[in-house]
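First the structure, in the form of structure tokens, and then the observations on it.
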Amino acid sequence: MSSNQSVKFSLATNVCATDGAMLQHTLPSWLRVFGERLTEVVVVVDERPPSGRIASQRGHIQDGDDLLNRISRICELDPRVRCVRLNYDCVPETSLKWFGQANIVRCQSGTPIFAFVQAVEEASSDIVLRTDCDMLFCESGWLNEAIEALQSDALDLVEPPKLGMHLHGYETMVSTGTFMLKRSRFLERCLPLKVHHLDWARRFHRILKGRPSWLSLEEMFKKEKERGRIRHALLDSSVGFSVHVYTREYAQVEYFGEVISKIESGLIPDEQMPYGWNLTLEVWPQTNLEYSSRDV
């Protein structure tokens, strides 16, 4: 076994009250996929409601107690799962560390920034996989490639391959849906990040509305990559892939668990490929139909 195959890592995610049903599916999947390589799964719970575009996309805000109860039940099944309530008193310290300013919380459309980076901060391992709670994985070698790139200081930010990446041109993108970093090296080399805003016209509009004008963390990463301040790569090989669950409504679908099992095994219907890494459950066969083994 190579040294990288023995390296363990933390998985960190951030959730809010709309995410309970989805997390009940994805968190057990992560435990199955990554197994003993996981030191822990840190679930950072943001008890403030979503805002902006994110709130309109999520629809009905569920009971926060329901989310905590679901996480507690999973914690009882695996002691590596740790629940942390997002402490907004940490905003000044974390924001200064990451951005050189003390007030970066959410972007202009409501996407979390503080919650994303605080999830990384809460992890106990130096190697951290930060992922949205609606991500699924087929892992057949990309994990070792990612850890090798980080341990050798070849890259600062590594993304797992995306399903259908060659068909959809994902290679040029930077996504915060799921990424790995070596925190000590990222802190030393890449932080603080430059804080990027909307253009002046849209910035003025947001100021009039009392809304922030920051770009999302994803867009900041992209601009920092373009400036040469972040060495980033989307892994490109036949060693598995990641999938984004397109809507939280899928968590209520009866055969969603079966679909997750197929994804973990790398079995994807041809009909999914035009939609790339965005899982489109409507095109998945429910019974007795053919699936194809996929790489990326």
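Structure above, values below:
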read-out: Test: residue in segment 31-38 that is out of contact with any strand residue (DSSP E or B) (no Cβ under 6 Å at 6 or more places or on another chain), of a type in the set (Lys, Arg), open to solvent by 20 Å² or more (accessible area, probe 1.4 Å) and farther than 18 Å from Phe241 by Cα; value: no
read-out: Qualifying residue in segment 195-210 (condition: open to solvent by less than 20 Å² (accessible area, probe 1.4 Å), assigned to a helix (DSSP H, G or I) and of a type outside the set (Val, Ile, Thr)); value: no
read-out: Pairs, first free of Cβ contacts under 8 Å to residues at least 40 places away in the same chain in segment 14-43, second open to solvent by 10 Å² or more (accessible area, probe 1.4 Å), C-beta under 9 Å, six or more apart; value: Glu36/Lys8
read-out: Residue in segment 127-166 that is most open to solvent (accessible area, probe 1.4 Å), counting only those that are out of contact with any Leu (no Cβ under 9 Å at 6 or more places or on another chain) and acidic (Asp, Glu); value: Glu148
read-out: Ala251 vs. criteria part of a helix (DSSP H, G or I), open to solvent by less than 30 Å² (accessible area, probe 1.4 Å) and at pLDDT below 95; value: yes
read-out: Candidates Asp199, Asp126, Asp134 - the one that is among the charged types (D, E, K, R) and closer than 21 Å to Lys225 by Cα; value: Asp199
read-out: Residue count for segment 1-50, restricted to those that are charged (D, E, K, R) and outside any helix (DSSP H, G or I); value: 6
read-out: Filtered residue count, segment 66-117, keeping only those that are closer than 30 Å to Leu198 by Cβ and open to solvent by 50 Å² or more (accessible area, probe 1.4 Å); value: 8
read-out: Residue list for segment 211-248, filter: in a helix (DSSP H, G or I) and under 18 Å from Gly177 (Cα atoms); value: Leu217, Glu218, Glu219, Met220, Phe221, Lys222, Lys223, Glu224, Lys225, Arg248
read-out: Subset tally (residues that are buried (at least 17 other Cβ atoms within 10 Å of the Cβ) and at pLDDT 85 or above) for segment 44-65; value: 3
read-out: Which numbered condition Pro274 fails, given (1) surrounded by fewer than 19 Cβ atoms within 10 Å (Cβ to Cβ); (2) not in a helix (DSSP H, G or I); value: (2)
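Let's see how each residue does on (1) of a type in the set (Phe, Trp, Tyr); (2) without any contact (Cβ under 8 Å) to a residue 40 or more places away in the chain; (3) in contact with a helix residue (DSSP H, G or I) (Cβ under 8 Å, 6 or more places away or on another chain):
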{"residue": "Ile230", "(1), (2), (3)": "no, no, yes"}
{"residue": "Ala233", "(1), (2), (3)": "no, no, yes"}
{"residue": "Val243", "(1), (2), (3)": "no, no, yes"}
{"residue": "Glu249", "(1), (2), (3)": "no, yes, no"}
{"residue": "Phe256", "(1), (2), (3)": "yes, no, yes"}
{"residue": "Lys262", "(1), (2), (3)": "no, yes, no"}
{"residue": "Leu267", "(1), (2), (3)": "no, yes, no"}
{"residue": "Gln272", "(1), (2), (3)": "no, no, yes"}
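The values are calculated or read from the model by the stated rules, or taken from the named source; none is laboratory data. Everything numeric here is computed off the predicted structure, so don't read it as measured data. Don't worry about glycine lacking a Cβ; one is built from the backbone with ideal geometry, like all the others, and counts go over all protein chains shown. All accessible areas refer to the heavy atoms of the entire protein, side chains included, with ligands and DNA or RNA removed. Shrake-Rupley method; radii C 1.70, N 1.55, O 1.52, S 1.80 Å.
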